[in-house]
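Undergrad: After the structure tokens below, expect a handful of questions from me.
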Amino acid sequence: MRPRIQAGTPAGARPRSAAARLLPRLAAFAVPMLLAAPGAQAQGVAQAQDAGFLEVTSAAAILYDGPSDRAARLFIVVRGTPLEVLSTLNQWVKVRDMSGDVLWVHRSELGESRHVVASTLAAIRRTAQPNGELVVQVERGVLLEVLEASAPAGWLRVRHRDGATGFVSAGEVWGR
């Protein structure tokens, strides 16, 4: 589970309402949509890419609610975390994380995807077969390095950080 960045509420101040918290998020998504309207210049416009994955390449990256350093900082994610690319806007990338949240991250924080995350209790097996010998089971949220994406259809060859290697069903992981 990723840590959530929370700003303190000054003494005596009332917490913001749900609508007040949602408004900046909606504005962050409306701006790129307006820029992409017919007649907008191509440079700097949010452009959809084929759904693909990139991963965090820095030690940690901050995920924002909009494409700006002044936007609310929502989460911190660690190196290797895969993120689904939705679109780009200048140096910002609109991404979806494993829990389905749509967020923004600096492009400089991302690189080629080499990891997946267990989306359920995942079994790493010695062979790419549902009844293959169990090497290890990993809990939801565990990061696995992809060693060979060209494994048999529906399987990925992976390595756990403790060194265990084997095959995991593509249906038990997120990030590919």
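Undergrad: Report the Cα-based extents of the stretch 116-174 along its three principal axes, largest first, to the nearest Å.
TA: 23, 20, 19
Undergrad: While we're looking at this one, here's another question. Can you compute the FRET efficiency between residue 91 and residue 150 using 1/(1 + (r/R0)^6), with r the Cβ-Cβ distance and R0 = 25 Å? Round to the nearest 0.05.
TA: Given R0 = 25 Å and the Cβ-Cβ separation, E is 0.15.
Undergrad: Please compute the contact order of the stretch 116-174 in relative form: average sequence separation of alpha-carbon pairs under 8 Å and at least six residues apart, divided by the residue count, as a percent.
TA: It comes to 40 percent, rounded to a whole number.
Undergrad: Suppose each label sits 7 Å from its Cα in the direction of the beta carbon; what would the residue 78-residue 129 distance come out to in nanometres?
TA: Spacing of the two 7 Å Cα→Cβ label points: 3.5 nm.
Undergrad: For residue 162 and residue 106, FRET efficiency with R0 = 30 Å and r from the beta-carbon atoms, rounded to 0.05? Can you show the working numbers first?
TA: On the way: r = 31 Å, r/R0 = 1.03.
Computed FRET efficiency for residue 106 and residue 162 comes out at 0.45.
Undergrad: Something else now. HN-Hα J couplings of the stretch 59-66 from phi, Karplus 6.51/-1.76/1.60, θ = phi - 60°, integer Hz, Gly and Pro as x?
TA: 4, 7, 10, 9, 9, 10, 8, x
Since every read-out is calculated from the coordinates, none of them should be taken as a lab result. Note that the structure is predicted; figures quoted are calculated from it, not measured. We place every Cβ from the backbone using ideal geometry, glycine too, and count neighbours over all the protein chains shown.
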